[in-house]
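Chemist: Mind having a look at this structure? Questions to follow.
The numbers here are math on the coordinates, done by the rules we state, and not lab data. As the structure is a computational prediction, the values presented were derived from the model and not from experiment. Heads up, the Cβs are rebuilt from the backbone with ideal geometry, glycines too, and the neighbour counts pull from every protein chain shown.
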Amino acid sequence: MVAHIRSLILGFTAGVLVAAILIQQLLSLPLSDPIVQYTKDPLELNTPPLPRPALDDMASSLRSSLQIAQRALLRGRYKSAHSAHSPLQSIAPSSTRKPLTSLSSSNTFSTSVPRMASKKSLIDAAKERRSIYELNKNSPIPDSKIVDIVKTAADYVPSAFNSQSTRLVTLLGKEHEVFWDQVLDVLKPIVPEEKWADSKGRLEGFRAAYGTVLFFTDPEPVDNLRKNIPSYAHHFGDWAEQSNAMHQYFLWVALEAEGLGANLQHYNPLVDQKTQEHYKIPLEWKLRAQLVFGGRAGELPAPKDKLPVEKKVFVHGANL
Ligand SMILES: Cc1cc2nc3c(=O)[nH]c(=O)nc-3n(C[C@H](O)[C@H](O)[C@H](O)COP(=O)(O)O)c2cc1C
């Protein structure tokens, strides 16, 4: 009897010990390893994972459960902050408007593979993206991260027949200022004198930002498609524009997601030649847009007018 009880106690103790070792191993897993690896270079997302045992799976499912819980919590917070307003009517009701700087410090969304405490959904980033004109030179992320995001757009945004006709030129530091000086030089002789003060102020505002992405379309792949698939020839121009615009939107939202602000400009074609010569960009590329970005200064923009959603969205066959 005594021997029986002793073996029961021994078995129980051994079980507790094994469980304790497993829990300790699980807790001591460097949860941030894969995150650091991806944060360094999102383009390495396809790097084969480190060969690690099933504990990795356990850790990652633990991590995703926590992320799901955190997102649910954040959603709850978002809803309660906006409970009086449908998000379709108002992005940022004035009663809840915050200075942009405070938004960026609490702006936890990141295009990096998310850390648990730094995740905002794509939907939330899309809702929070606005045209931000008051920008400064304080970037919450390093240049390497900005360049990675631009490369991600180039590699992952789709294009018709995978033609990849969009070209992205990223201007940072002095080169960003050179571009806006060029726009100023080009505009000065053609803007009426009485309007010059306004135009100049606007351009100086863009120059005061952190950087600019120039969006070009390379006509060569588009022309090749026209030649190779003549039955669709009339579509390829539109599709190249659409793909270029997808790059614009991707970057606009991705930079917003990282806590930057941005606005979209169109000083093409006035500035094209000067810019393309200066940056040694092939002259046949067509400049389509300029995305100015930087640290957010000033207040959040006022909520924008929205057509009732019923006028824009039509649903058939859904189980609502
Ligand atoms: C295709 C397109 C072209 C735009 N062109 C300009 C532009 O040349 N200058 C500008 O200041 N804003 C431009 N905008 C910004 C829009 O005016 C702005 O997105 C719109 O009023 C909605 O405001 P929001 O960006 O704050 O949501 C453009 C936006 C889009 C989508």
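Chemist: Might you report the magnitude of the Cβ-based charge dipole of the stretch 135-296 about its Cα centre, with Lys and Arg at +1 and Asp and Glu at -1, to the nearest 20 debye?
Modeler: 100 debye
Chemist: Follow-up. Past the 32 Å Cα-Cα mark, which pairs from Lys127/Lys195; Lys151/Lys311; Lys174/Lys312; Lys120/Lys306?
Modeler: Going by Cα-Cα distance, Lys127/Lys195; Lys151/Lys311; Lys174/Lys312 fall outside the 32 Å limit.
Chemist: Hey, what do the phi angles of the stretch 195-209 turn into as Karplus ³J(HN,Hα) couplings, whole Hz, using 6.51/-1.76/1.60 and θ = phi - 60°, x for Gly and Pro?
Modeler: 9, 5, 4, 5, 4, 5, x, 4, 5, 5, x, 5, 4, 6, 7
Chemist: Which of rounded, prolate, oblate describes the stretch 135-296, given a ≥ b ≥ c as roots of the alpha-carbon gyration tensor eigenvalues and a/c under 1.5 marking rounded, otherwise prolate only if a/b is larger than b/c?
Modeler: oblate
Chemist: Applying the Karplus parametrisation 6.51 cos²θ - 1.76 cosθ + 1.60 with θ = phi - 60° to the phi angles of the stretch 262-267, what ³J(HN,Hα) value in whole Hz is obtained for each residue in order, glycine and proline being reported as x?
Modeler: Those phi angles translate into 8, 9, 10, 10, 9, 8 Hz.
Chemist: Show me, for the stretch 221-237, the HN-Hα J-couplings you get by feeding each phi into the Karplus relation (A = 6.51, B = -1.76, C = 1.60, θ = phi - 60°), rounded to Hz, glycine and proline as x.
Modeler: x, 5, 5, 4, 5, 4, 5, 7, 10, x, 5, 9, 3, 5, 8, 5, x
Chemist: Okay, moving on. So what's the gap between the Cα centers of the stretch 229-269 and the stretch 137-203, to the nearest angstrom?
Modeler: The stretch 229-269 and the stretch 137-203 have Cα centres spaced 13 Å from each other.
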